[in-house]
Amino acid sequence: GKLGEQASATYLRARGHKILDRNVKLGIGEVDIIAYKGSTLYIFEVKTRKNTAKGQPYEAVTPTKARKLLLMGEKYSLQKKLNHSKLSLGVISVIVDEANKVTSIKLYDYFG
């Protein structure tokens, strides 16, 4: 969890995202990373796994979970009085080896 989230935050910063918040509890759940890039507010769910025996990490984000994440993003945006033209959901898949070293990190646009 924490290792994948830290690696994901570093990954996002390197790609021009400004991290606004991490591990935000918003009533109906928690958002791993909230970031800005351009005029888009991004809600990121981080999924970390040691292997892909049960599928890719991003596959764990169901349509129900995605709707919940977007609702939390809207709530966060209202609470913080943020002005953005778009709200987007991304899933970051992180694979770590037995020594807890990140071996793979990929960003998926949930709607893409």
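Here are the numbers for this structure:
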{"item": "Links that overshoot a 26 Å alpha carbon limit, given the list K18/K50; K54/K75; K37/K106", "result": "K18/K50; K54/K75"}
{"item": "Simple label model, 7 Å out from Cα along Cβ direction - K75 to K106, nm", "result": "3.1"}
{"item": "Heavy-atom accessible area per residue - the chain, 1.4 Å, Å²", "result": "57"}
{"item": "Stokes-Einstein D for the stretch 71-112, Kirkwood Rh over Cα pairs, 10 °C, 1.306 mPa s (µm²/s)", "result": "125"}
{"item": "Where F111, F44 fall by accessible area, highest first, once all protein chains stay in place (1.4 Å)", "result": "F111, F44"}
{"item": "Carbon/sulfur fraction of accessible area - the stretch 55-112, other protein chains in place, 1.4 Å, %", "result": "52"}
{"item": "Alpha-carbon spread of the stretch 7-58, three principal axes, descending order, Å", "result": "37, 30, 15"}
{"item": "Farthest positive-ward along the chain dipole, Cα basis, beta-carbon charges - from T52, I28, Q79", "result": "Q79"}
{"item": "Globularity index of the chain, i.e. its alpha-carbon radius of gyration over 2.2 N^0.38 Å", "result": "1.03"}
{"item": "Most to least accessible of I33, I28, I105 (protein chains only, probe 1.4 Å)", "result": "I28, I105, I33"}
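The values are calculated or read from the model by the stated rules, or taken from the named source; none is laboratory data. Everything quoted here is computed from the prediction, not taken from an experiment. Reconstructed Cβ throughout: ideal geometry from the backbone, glycine too, with neighbour counts over all protein chains shown. Ligands, DNA and RNA are excluded from the accessible area calculation, which covers all protein heavy atoms including side chains. Shrake-Rupley method; radii C 1.70, N 1.55, O 1.52, S 1.80 Å.
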